[in-house]
Amino acid sequence: MNRNDQLIADDDGYGIDTDFVPAKRPDLSGSIGGRMGSNNPTTGATMGPQTAYTSSSLPGGYRSNTLDEPILTTIARDFGKVGRKTVQVLYPKGRDNALQEWDLWGPLFFCLSLAIIMSFMAPGQQASAVFTGVFALVCIGSCVVTLNCKLLGGHVSFFQSVCTLGYCISPMAIASLVT
């Protein structure tokens, strides 16, 4: 069998003269929750503009849609949550599940506070090195402790553990501010 006979035997049915028909591409336009006013293919119901966002059980314990609220309301609510979680760490006799609703604003605030305070106390030329060292040590240390907890079979989410460890820095940040 020569080379041409082998090519003919291996022919898959598509010749050079066969017309190429491109595959139909899916429609990628629209919003995340579906198109406004379009029919939902699974339920057959018509979806409104905010059907995907409004629910009685929103994540984070929110009771209403927070996408349209003023920014000052959002900041005040988040500062209130950070304050309550800080009190939970400093005086753990209150609500037991305060740290189960994780956020990263408090840990970021306390990590930055500790790094800034420590860099102000450092000698002039070492300030940036101290800031970088404290910030990196706290962030990487939290991730390593969290990973260790997960590898040992802990039943806690990664971000919940990082959140708890970040709030546990608050006494050190307060103590560094006082001294």
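All of the numbers you see were taken from the coordinates with simple rules; none came from a lab. Predicted model, so just to flag it, every value in this text is computed and none were measured. Here the Cβ is made from the backbone with ideal geometry for all residues, glycine too, and neighbour counts use every protein chain on show.
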Where a Cα-Cα gap under 24 Å defines reach, which lysines qualify for residue 85, not counting those fewer than 8 residues away within the same chain? 93, 150
Estimated FRET transfer efficiency (residue 69, residue 108; beta-carbon r; R0 22 Å; 0.05): 0.55
Could you work out how far apart the two model spin labels at residue 145 and residue 77 are, taking each label as a point 7 Å from the Cα in the direction of the beta carbon, and quote it in nm? 3.0 nm
For a protection proxy built on the mean count of beta-carbon atoms within 10 angstrom, sort 111-122, 138-149, 71-82 highest first, please. 111-122, 138-149, 71-82
Assuming R0 = 41 Å, what is the FRET efficiency of residue 97 and residue 121, from their Cβ-Cβ distance, to the nearest 0.05? 0.65
